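Down below is the structure, laid out as structure tokens.
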Amino acid sequence: QLMCKHSEEGNTDCLGIFNENVKRFPSAKEKVPHMGWNNCSELKGPLFKEVSINDDFYFVHSYYVEAGEPSLVAAFSVYGFPFTCAVAKDNIFAVQFHPEKSAQSGLALLGNFMRWKP
């Protein structure tokens, strides 16, 4: 969230590395915060090498990136509606889920990060 342009959390201007806004999940659709295991789709980029769309990642969050620039989206998930859960630009990669709590899927992503040479 911090790397985006603006966040609804605290109505805060952020770093602006990604020219995107962060929105709060609408509580009328699903329980907020979103907590639990979800898979991710599209999985673009070297950090998702050998990660499958059937693999689950652990999420704990109330906000999501509203990606206006499709080229930034590295993955999305679904919680009431499809939302961006990973963004990438040049040598910057950010995820909304917790890879450190995501068992084998998270270890695969973190291993790819350690081997990544952008």
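The values are calculated or read from the model by the stated rules, or taken from the named source; none is laboratory data. Small disclaimer: the values here were computed from a predicted structure and weren't measured. All Cβ positions, even for glycine, are placed from backbone atoms using ideal geometry, and neighbour counts span all protein chains on display. Note: areas computed on protein heavy atoms with side chains; ligands, DNA, RNA excluded. Shrake-Rupley method; radii C 1.70, N 1.55, O 1.52, S 1.80 Å.
Separation between the GLU69 and LYS49 pseudo-spin-labels, each 7 Å from Cα along Cα→Cβ, expressed in nm?
Roughly 2.5 nm, to one decimal.
Between LYS117 and SER27, how high is the FRET efficiency from 1/(1 + (r/R0)^6) when r is the Cβ-Cβ distance and R₀ = 35 Å? Nearest 0.05.
E between LYS117 and SER27, to the nearest 0.05, is 0.25.
Which aspartates and glutamates have a Cα lying under 15 Å from the Cα of LYS89, excluding residues fewer than 8 positions away in the same chain?
Filter leaves GLU20, GLU69.
Please report the relative contact order for the chain, taking Cα pairs under 8 Å with a sequence separation of at least 6, and give it as a percent rounded to a whole number.
22 percent
Would you calculate a helix-derived [θ] at 222 nm for the chain, using -39,500 (n - 2.57) for each DSSP H run of n ≥ 4 and dividing by the full residue count, to the nearest 500?
Only helices count here, giving -3500 deg cm²/dmol.
Report in % the part of the accessible area of the chain that belongs to carbon and sulfur, leaving out ligands and nucleic acids; probe 1.4 Å.
With neighbouring chains kept in place, the figure for the chain is 52 percent.
Run through all the Cα pairs of region 11-86 and give the fraction in each 10 Å bin from 0, expressed as whole percent.
Answer for region 11-86: a P(r) of 17, 48, 32, 3 percent.
Place a +1 charge on the Cβ of each Lys and Arg in the chain and a -1 charge on the Cβ of each Asp and Glu, then give the dipole magnitude about the Cα centre in debye, rounded to the nearest 20.
It comes to approximately 140 debye.
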